[in-house]
Amino acid sequence: MKPLKKIELPPLPYKYNALEPVISQKIMELHHDKHHLAYVKGANTALEKLVKARKGELEIDVKALLRDLSFHMNGHLLHSLFWNNMQPPQDDNLPGGLVGDLINKSFGSFEAFKREFSGAAKTVEGVGWAILAVDDEDNLYVVQIEKHNLMHIATLKPLLVLDVWEHAYYLDYLNNRARYVEEWWKVVNWDDVDKNLQR
Ligand code: MN
């Protein structure tokens, strides 16, 4: 039996204060060191239980455990993408390269894409994410995820993700999620999005 790999918390690709004033150091410390770490721990606990169950050492509620695993695993994967999707604030932050071309082809213009993605981010019910994803034939889609795991669209691959759980913005923006979303465009790392597309 192939052993399941233990998940580790990846370090941030920049300093905790690098995204200020769009996202404060305090939020980044809590978000990365507490929230993301909790998803890593939760995923590892679920994986350990699965390994024991496969060996017949533990009786599990399969449905509940798989839900727990997808919640924590997707929480970990989405946050890992999210950190890399950002960089210090830029003026006129527009996508170039392949992803810039593909956005223009798929949405007609960057403005139309931004409207659709921001609309998705502002209207996720409760807590969740807005995501730009690509399918096997280079079609781009904007999708919403409630919590971390109420999706799994077979072949869609996420390129750019935005966390709209309250822990991602409340300390800076209180209940004004819309303003957080608008400010967030300044810290998008389009080179990273382009790299995800080319991979
Ligand atoms: Mn989060």
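Derivation of every value follows stated rules applied to the coordinates shown; laboratory data play no part. The structure presented is a predicted model; accordingly, all values stated were derived computationally and were not measured. Cβ: placed from backbone, ideal geometry, glycine included. Neighbour counts: every protein chain shown.
Of Ala53, Ala46, all but one fail to be away from the ligand (no atom under 16 Å from the Cβ), more than 22 Å from Val164 (Cα to Cα), in contact (Cβ under 8 Å) with a residue 24 or more places away in the chain and among the small types (Gly, Ala, Ser); the exception is Ala46.
How about segment 154-199: which of its residues are under 13 Å from the mean Cα position of the chain (by Cα) and either more than 24 Å from Tyr141 (Cβ to Cβ) or not in a helix (DSSP H, G or I) (or both)? Residues satisfying the conditions are Lys157, Pro158, Leu159, Leu160, Val161, Leu162, Asp163, Val164, Trp165, Val188.
Only residues that are closer than 23 Å to Ile23 by Cα, surrounded by fewer than 19 Cβ atoms within 10 Å (Cβ to Cβ) and not acidic (Asp, Glu): list them for segment 85-109, please. Steps first, please.
Filtering segment 85-109 for residues closer than 23 Å to Ile23 by Cα gives 85-95.
Now drop any that are not surrounded by fewer than 19 Cβ atoms within 10 Å (Cβ to Cβ), which leaves 87-94.
Hits for segment 85-109 are Gln87, Pro88, Pro89, Gln90, Asn93, Leu94.
Residues in segment 103-119 that are farther than 14 Å from Tyr141 by Cβ and of a type in the set (Lys, Arg): Lys114, Arg115.
Quick check on Glu59: is it away from the ligand (no atom under 16 Å from the Cβ), farther than 21 Å from Asp191 by Cβ and of a type outside the set (A, V, I, L, M)? Yes, satisfied.
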